[in-house]
Amino acid sequence: MVRPGYFFSETFSSLRRNFFMTCAAISTVAITLFIVGLFTVIVYDVMGVVNSIKSQVELAVYLEDGISSGLKDYIEQEIKSWEEVDSVKYVSKDQALERFKEQNEGSDILKEIEGNPLPASFEITLKDPEKIDRVALRFYDKDGNYIEGVNDVIYGKNYVNKLFSITAIIGVITIIIIAVLLLAAIVLIFNTIRLSIYARRKEIEVMKLVGATNWFVRIPFLFEGFLEGFTGGIISIILLYFTGNFLLIRAERLIVDTMRIKEMAIVGSGGVIIYVYIGLAVLGGLIGLLSSGIALRKYVKV
Amino acid sequence: MNMIEFRNVTKIYEDNTAALKNINLIVRKGEFVFLVGPSGSGKSTFIKLIIKEVDETDGSIFIAGRNICNLRSSKIPQLRRNIGCVFQDFKLLPNKTIFENVAFALEVIGKPVYEIKIQVSQVLKLVGLYDKIDSYPHQLSAGEQQRVSIARAFVNRPPILLADEPTGNLDPITSEGIMKILSRINLIGTTVLMATHDKNIVNSMRRRVVELEEGEIVRDQKRGVYGD
Ligand SMILES: Nc1ncnc2c1ncn2[C@@H]1O[C@H](COP(=O)(O)OP(=O)(O)O)[C@@H](O)[C@H]1O
Ligand SMILES: [Mg+2]
C-alpha cells in the first residue's frame, strides 16, 4: 500500500516552494467565488421578491376624492362580477391614513401631513395572476383615460419588470466578470502546478522509469491544485459570511426603498446560504482539480 | 525462453529520421548482450522501444513472449517494473540520500516499508555501497553514483536490465568496476542488454555483440569483440 504521508509531504513542500504564485492563485479563486456567491444570493433574493409579488398580485384602484357613494358601490359591484377576481376589499380614506401611520410610526413624515391626503381604494386579488393586465385595462376608457371615479391603478407588474431588467443587467455584467476571473484563476493554478511539475521533473522521470502508475505520478499535483482551489473556496465563504451579510442587508434596503415593496416581500437568503457555502467549497476544489488536470495533460506525458 | 524479441521493427521519428530499419533480434533469458555502434546508429532508440518510451513505427516487439505493441498505457508501468534501466547520466535525485534514492523506486510502486528496508540494504550490498547509505549523491564519485543507479534499477529484481552507455562518463578503471557488477547481476539469471561504444570493455568481456550501423544490424557475433 502507498502511504498517504508521501502525497502530503510532496504537496506541502511544493506549496511552500511556490509561495507567492500559490497565494495569487488562491486569492483569485477566493475573489471569483466570492462574487459567484454574492451574485447567487442576490439572484435568490430578487427571485424571492418577484415570487412574493406575483403570489400576492394585488391591484390597487385609487378612487377620486369626493366620489359619490353611488358610484363607489357601482364600481365595487362591477369588480365583484368579474370572474377573474378573487376578492375585493374597500379601504376608506380613514383606514388608509391609519395604515400609513402604523407603517411610519415615529417618522417625521407624520408631522408634515395635514388633513388626510390619502385616497380611498379597492384592493383586488385575482384567482389567476396572469390575468392582471386584462383586469387592469377595465379601469381605462377607450381613450386611455381612467374611468370616472378612478384616480390611479397600481399593480405589481411594474415592480416585477423593473426588478427583472435590473437583475438581468447585473447578471450579464456579473457573469462577464466571473468568466474573466475564473479564467485568471485557472491560469494561475495551472501555472503553480506547471512550476511544481518543473521542479519535480527529475523525480517524475525516475518514477515513470521504475514503473510508477500514472495516477501515482499525478495525485500529488492534483491534490495540490485541489487544495489551492478548495482554500480559495473556503476564503470566499468567509468573505461572504462577513461582507456578504452586510452588503446584502444594504441591497435589500435599497430594493425595499426604490421599489416601494412591502418589507415582508423580502425573503432573505438564510435557508439557502449553507448550500451556497457548500457549493463554493466544492466549486473551488473542482476549479483546482481542473486546472492541475490541464497542466498534467500538457506537461506529464504517459 | 526468448526474453526480448524484435520482429521486423522499424522506428521512424516524427521528423522522418529512420532510427531503426527492419530489425530482427532475439535475446534469450540470462544472456548478456552488447549493443554497439557509432553514435546515432540507433542504440538508444532500441532501448527506448523496449520500455515503450517511444513506439515502433512498424513490426512487433515481444518481452518475455508478450507482444507489447498494443499494450494499453495503463499496463506500461507493469512492464517497466520488470525492466531495470541504467543511463549514462545516472538520474539520481540530488536531495535524497543513497538509501532514499534506491528506496524511491520501491516506494513509488507501492511496496510496504519493511520490504523496502530489506531489499534496499541487500541491493546496496550487492553493488558494494552499503557503507554510503546515508550519503548524498554529490558526496559520491561518478563510479559510485552509477553503482547507486544500478542498485535502483535492480532493487525490484527485474528479469531484464537495460543499460544505455553506463560507462560513458567513467574512466576505464571505474568502468571495470561497473562491468563487474553487471556481470554479477547477469550471473544470477538476469538478462542484460548494454548499449555502448566503449571498445575496451566489449573486447575484454567476450560476450555476444550486436552491431548497429545507421539503424541496421550489421553484425551479430557470439563471443565478439568491438570490431575494427
Ligand atoms: N526524439 C527524436 N526525434 C527525432 N530523431 C531522433 C530522436 N531520437 C533520436 N533520433 C535520431 O535517431 C537516430 C538514432 O539515435 P539514437 O537511437 O539516439 O542513437 P545512439 O543511441 O546509437 O546514438 C539519430 O539519427 C538521432 O538523431
Ligand atoms: Mg544513445
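So here's what we get for this one:
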{"quantity": "Under 5 Å, built H, 5+ apart or other chain: amide partners of B:VAL86", "calculated": "B:LEU162, B:ALA163, B:ASP164"}
{"quantity": "Cα-only radius of gyration and Dmax that characterise chain B, units Å", "calculated": "17.3, 51"}
{"quantity": "Normalised contact order of chain B, rounded percent, pairs of Cα under 8 Å and 6 or more residues apart", "calculated": "28 percent"}
{"quantity": "DSSP beta bridge pairing in chain B, given as percent antiparallel to the nearest 5", "calculated": "50 percent"}
{"quantity": "Under-5 Å amide H pairs with B:LEU20, H placed in peptide plane, nonlocal only", "calculated": "B:LYS11"}
{"quantity": "Calculated log₁₀ intensity ratio I(q)/I(0) where the Debye formula runs over C-alpha points of the protein assembly as shown, q = 0.06, 0.09 Å⁻¹", "calculated": "-0.53, -0.78"}
{"quantity": "Within the protein assembly as shown, helix-based [θ] at 222 nm, where runs of 4 or more DSSP H residues each add -39,500 (n - 2.57), nearest 500", "calculated": "-17500 deg cm²/dmol"}
{"quantity": "For B:GLU5, net neighbour charge (Lys/Arg +1, Asp/Glu -1) across residues whose Cβ lies under 11 Å away", "calculated": "+3"}
{"quantity": "Within 10 Å of each Cβ in B:108-114, the average number of Cβ atoms from other chains", "calculated": "5"}
{"quantity": "Whole-Å distance, taken between Cα centres, linking region B:14-65 and region A:199-231", "calculated": "29 Å"}
{"quantity": "Too-long pairs where the Cα-Cα distance tops 29 Å, listed order kept, from B:LYS75/B:LYS117; B:LYS96/B:LYS125; B:LYS132/B:LYS199; A:LYS298/B:LYS48", "calculated": "B:LYS132/B:LYS199"}
{"quantity": "Net dipole in debye of the protein assembly as shown [+1 Lys, Arg Cβ; -1 Asp, Glu Cβ; about Cα centre; nearest 20]", "calculated": "4260 debye"}
{"quantity": "Whole-Hz couplings from phi, Karplus 6.51/-1.76/1.60, listed for region B:77-93; x for Gly and Pro", "calculated": "x, 4, 4, 5, 5, 9, 9, x, 10, 10, 10, 4, 9, 6, 6, 7, 8"}
{"quantity": "Selection from A:GLY144, A:MET21, B:GLN145 lying farthest towards where the dipole of the protein assembly as shown points positive, charges on Cβ", "calculated": "B:GLN145"}
{"quantity": "Built amide H within the under 5 Å cut-off of B:GLY59, gap 5+", "calculated": "B:THR10"}
{"quantity": "Debye-sum result for region A:58-155 in log10 I(q)/I(0), which assumes one identical scatterer on each alpha carbon, at q = 0.16, 0.17 Å⁻¹", "calculated": "-0.72, -0.80"}
{"quantity": "Residue order, fewest to most surrounding Cβ atoms within 10 angstrom, among B:THR190, A:THR192", "calculated": "B:THR190, A:THR192"}
{"quantity": "Magnitude of the charge dipole, region A:58-155, Cβ model with Lys/Arg +1 and Asp/Glu -1, debye to 20", "calculated": "140 debye"}
{"quantity": "Estimated Rh, region B:164-228: Kirkwood, alpha-carbon pairs, angstrom", "calculated": "12.5 Å"}
{"quantity": "Kirkwood-based shape ratio for region B:11-73, expressed as Rg/Rh from alpha carbons", "calculated": "0.95"}
{"quantity": "Karplus (6.51, -1.76, 1.60) ³J(HN,Hα), θ = phi - 60°, over region B:168-180, in Hz, Gly and Pro reported as x", "calculated": "x, 9, 10, 6, x, 5, 5, 4, 4, x, 4, 5, 4"}
{"quantity": "Mean-position separation - Cα centroids, region B:130-173 and region A:10-47, in angstrom", "calculated": "46 Å"}
{"quantity": "Note, ³J(HN,Hα) from phi for region A:115-122, Karplus 6.51, -1.76, 1.60, rounded to Hz, x at Gly and Pro", "calculated": "x, 10, x, 7, x, 6, 8, 9"}
{"quantity": "Sum of side-chain charges, A:THR192 neighbourhood, beta-carbon under 9 Å (Lys, Arg +1; Asp, Glu -1)", "calculated": "-1"}
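Where a number appears in this text, it was derived from the coordinates with a stated rule and is not lab data. Here the structure is a predicted model, which means the values were calculated and not measured. Here Cβ is always computed from backbone atoms with ideal geometry, including for glycine, and neighbour counts include all displayed protein chains.
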